[in-house]
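Following: one structure in structure tokens, then a few remarks.
The values are calculated or read from the model by the stated rules, or taken from the named source; none is laboratory data. Since the structure is predicted, the reported quantities are computational estimates derived from the model, not experimental observations. Counting neighbours? That spans all protein chains shown, and the Cβs are built from the backbone with ideal geometry, glycine included.
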Amino acid sequence: MRIDVFSIFPGLVDDFCSVGLLGKGRHAGVFELRCHDPRQHTTDAHRSVDDAPFGGGPGMLLRPEPIFDAVETHDPPRPLLLLGPGGRRFDQDMANELAGLDGFSLLCGRYEGIDDRVRQHLADGEVSVGDVVLSGGEVGACLIIETVSRLLEGAMGNAASPVEESFGAAGLLEQPAFTRPSSYRGWAVPDELLSGDHARIERWRHAQALHRTIAARPDLIAARGGLSDEESALLEEFSPLPYP
């Protein structure tokens, strides 16, 4: 997979995607990341990429020329998605869709935004990472790249990890997990996990994932059509851990 990012601060994205699983995935060729700076496609001595908005108002806008020139020069994989508040809300379903492509590209805004002709005539769509205001799209781009790259073959050591994690195939939050020591400050690991009965452990884990999802994200239960009879029985068999 090839992922292109257009940003006036390309180092923010490149550095983030050079460590941890992302860095290992890039080094192993799981995906290719190319970061492009629209400043490289300006013609003035100051490499200006912004200007005041017509009609007045606060802040500055990214001009269309450097962005169009950058995209047309590098011919990035499509779709080209603009990071912005009016776009489709990014979630695990969208991550799965993007992971099924050969590549995609992300366009990061800065300042007060981007000349709207970029959105209308260059971008293929808009994507939002949440109802929040950021100084630029780079953080959102990193979030999208990390989420998508984890789904690619060879990205993770355990192929079951992206399936069993929160928002995975089961449509549930992931169950709580514990490690050594078995008792810490008087707080003990649940007996089920220490039983050695693997079938019981799996039932307990599924029950706790259900309990946790019901407590924290009941909308996910509704989205999957409610509980099966088997899941209802699991809830009766295993009491929930504390979920605030």
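Report yes if some residue within region 62-74 is assigned to a loop (DSSP other than H, G, I, E, B) and surrounded by fewer than 14 Cβ atoms within 10 Å (Cβ to Cβ); otherwise report no. The answer is no; no qualifying residue exists. Taken over region 49-77, the criterion of being touching a Ser or Thr at 6+ places or on another chain (Cβ under 9 Å) and either at pLDDT below 95 or under 25 Å from ASP131 (Cα atoms) (or both) is satisfied by ARG63 alone. So for region 58-75 (the condition being outside the structural domain of ALA170 (by TED's automatic domain parsing), within 30 Å of ALA170 (Cα to Cα) and either basic (Lys, Arg) or touching a Pro at 6+ places or on another chain (Cβ under 9 Å) (or both)), does at least one residue qualify? No, the conditions are met nowhere in region 58-75.
Against the list (1) free of Cβ contacts under 8 Å to residues at least 60 places away in the same chain; (2) touching a strand residue (DSSP E or B) at 6+ places or on another chain (Cβ under 7 Å); (3) surrounded by 15 or more Cβ atoms within 10 Å (Cβ to Cβ), the condition ARG89 fails is (3). A single entry from VAL127, VAL118, VAL133 fulfils the requirement of being at pLDDT below 95 and either part of a strand (DSSP E or B) or assigned by TED's automatic domain parsing to the domain that holds VAL13 (or both): VAL133.
Here ARG180 clears all of (1) in a helix (DSSP H, G or I); (2) of a type in the set (Lys, Arg); (3) more than 25 Å from ASP93 (Cβ to Cβ) except the condition numbered (1). Residue check: ARG78 meets all listed conditions (1) touching a Lys or Arg at 6+ places or on another chain (Cβ under 7 Å); (2) assigned to a loop (DSSP other than H, G, I, E, B); (3) over 19 Å from LEU22 (Cβ atoms) but one, namely (1). Going through (1) touching a strand residue (DSSP E or B) at 6+ places or on another chain (Cβ under 7 Å); (2) of a type outside the set (A, V, I, L, M, F, W, C); (3) without any contact (Cβ under 8 Å) to a residue 60 or more places away in the chain one by one, ASP4 falls short only on (3).
Set side by side, the residues LEU210, LEU173 differ, and just one is crowded, with 16+ Cβ neighbours inside 10 Å, closer than 30 Å to VAL30 by Cα, outside the structural domain of HIS27 (by TED's automatic domain parsing) and in contact with a Leu (Cβ under 9 Å, 6 or more places away or on another chain), which is LEU173.
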